[in-house]
Every structure is written in structure tokens, then in C-alpha cells.
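Data block below; observations after.
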Amino acid sequence: MSYVIKEAKLGKERVRIVQDEDVETPRNWSNLSKMIFTGGHRHLGDKHEVDFDYPFNSRQEFITWGEEIVRKHFKDVAVCYAVHMYKHSGESISIDYSGQYTCRWDSGTIGFAIVTKEDIRKEYNIKRVTKKYIDKCENIVRGEIETLNQYISGEVYGYVVEDEDKNVIDSCYGFFGDDIEKNGISDYLEEKYVKALVD
């Protein structure tokens, strides 16, 4: 049974927000960025042929030289962020190298999130890549990292509405993030159930 995050009762009906246990990786979606991960985390990103087979002596060396390797492999990289993982009673990722992502025991750098100039040209149907488009793409990459982080962290949810006999009246899954008004659940769920969950 799915883990229940929140529930509310309305007369003889019950609505529950539950963890989605059967989620497709967002890397199967149409993404702007490429996630180039290495080692035991390669499966979390996109398929690639980048060879990180180099004797890195430190995490900082991997961040510096790994980016050089990625830039040589893809050419014309417009956006490149190192991706860090924190692993302690669960996993999470970020492109912000701060807080828990700097922990010397429970964190590390697993690869890079990149966007090439060619990706930008295709996305926006333009010939010249300007700073304005690069800035837009940096924000998109942050969003794609956050979505992948929610997937890795198990922060994907659904809702189930049941009658008094536990028969399912309505259900829907695949909502990323735990705020039902931001993740889209409130757009699908009847208003009376949304109010009961929010109040």
C-alpha cells in the first residue's frame, strides 16, 4: 500500500494524498538538458558516451576536469552545471554546491547537467544564441534538476478518493512535489476535496 502523506474525510468519503510508487523517470520526457552522470549514478541521467576514466585525485578536480571532458565531448556547451548528490537516509541532488551537498562523508559530485548551443537553437528556433536565451536555459536546467531530484527523493504523489466501503471513486498519480496547489493535484481533484486537504 502506498505511503499516505495527508488525508481528510468528507461525510462517508475519504481523500488521501499518497506517495506514487510507480513513477517514470523524468529523463524519459522531452528535456532541454542532458544529464551526464558517472559511476553508480549513471542510470539516473541520460545515456552518453562521455569517458570519465581519469584518475581524479579529489572532488574539486573532478568538478574542474570533468567539466573540461564534457565540454570537449559535446562542443559548444552553453550551460554546464556540476550535479551534486547527498546520500543519507535517502538521496537528493542539486546544482548548488552548499549546505549538505558539501558534506565530506555523505555527498559527492555525480556528473554534469548541460545544454549546448545547438540544443538552444532547436528549442527556440533561432540562429544566434544570446545571453538572454542562455539565462532562460539556466532556469530550465534548474527546474529539470529539481524535477529529477523529486523523482530520486520519492517526492512524487497521487490522490485517491474512496467511499465508505473503500471503493475507489477517483484517483490520479504522477504529481511532482508535495504542495497540492503547486504540483497540479488541485487542478484535477474536486474543489471540496482540495479544501478539506488544505484546511
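Data overview
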quantity	calculated
Pair list, Cβ under 8 Å, 6 or more apart: the range 65-78 residue in contact (Cβ under 8 Å) with a residue 40 or more places away in the chain and farther than 19 Å from I134 by Cα, other residue of a type in the set (A, V, I, L, M, F, W, C) and outside any helix (DSSP H, G or I)	G66/F52; G66/F56; G66/A82; G66/F112
Criterion violated by Y157 - all others in (1) under 30 Å from K12 (Cα atoms); (2) without any contact (Cβ under 8 Å) to a residue 60 or more places away in the chain; (3) surrounded by 20 or more Cβ atoms within 10 Å (Cβ to Cβ) satisfied	(2)
Residue count, the range 1-50 (criterion: among the charged types (D, E, K, R), open to solvent by 90 Å² or more (accessible area, probe 1.4 Å) and not in a strand (DSSP E or B))	7
Some residue of the range 106-123 being in contact with a strand residue (DSSP E or B) (Cβ under 7 Å, 6 or more places away or on another chain), of a type in the set (D, E, K, R) and either surrounded by fewer than 20 Cβ atoms within 10 Å (Cβ to Cβ) or part of a strand (DSSP E or B) (or both)	yes
Qualifying residue in the range 28-39 (condition: under 30 Å from V194 (Cβ atoms) and touching a residue at least 24 places away in the same chain (Cβ under 8 Å))	yes
Index of the failed condition, F175 passing every other in (1) part of a helix (DSSP H, G or I); (2) open to solvent by less than 30 Å² (accessible area, probe 1.4 Å); (3) in contact with a helix residue (DSSP H, G or I) (Cβ under 7 Å, 6 or more places away or on another chain)	(1)
Some residue of the range 83-94 being without any contact (Cβ under 8 Å) to a residue 40 or more places away in the chain, open to solvent by 60 Å² or more (accessible area, probe 1.4 Å) and either among the β-branched types (V, I, T) or in a loop (DSSP other than H, G, I, E, B) (or both)	yes
Search result, residues across the range 52-82 that are part of a helix (DSSP H, G or I) and farther than 15 Å from I36 by Cα	R59, Q60, E61
Members of the range 124-142 found to be in a helix (DSSP H, G or I) and either touching a Leu at 6+ places or on another chain (Cβ under 9 Å) or open to solvent by 70 Å² or more (accessible area, probe 1.4 Å) (or both), listed by number	K131, K132, K136, C137, N139, I140, V141, R142
Residues that are without any contact (Cβ under 8 Å) to a residue 40 or more places away in the chain and assigned to a helix (DSSP H, G or I), drawn from the range 178-199	S186, D187, Y188, E191, V194, K195, V198
Only one of D199, D187, D165 that is within 13 Å of L10 (Cβ to Cβ) and open to solvent by 40 Å² or more (accessible area, probe 1.4 Å)	D199
So Y159, is it among the hydroxyl-bearing types (S, T, Y), farther than 30 Å from V70 by Cβ, outside any helix (DSSP H, G or I) and in contact with a strand residue (DSSP E or B) (Cβ under 9 Å, 6 or more places away or on another chain)	yes
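The values are calculated or read from the model by the stated rules, or taken from the named source; none is laboratory data. None of these values were measured; they are calculated from a predicted model. Methodologically, a virtual Cβ is constructed for each residue, glycine included, from the backbone with ideal geometry; neighbour enumeration extends over all protein chains shown. Protein only, heavy atoms only, side chains kept; ligands, DNA and RNA dropped before computing areas. Shrake-Rupley method; radii C 1.70, N 1.55, O 1.52, S 1.80 Å.
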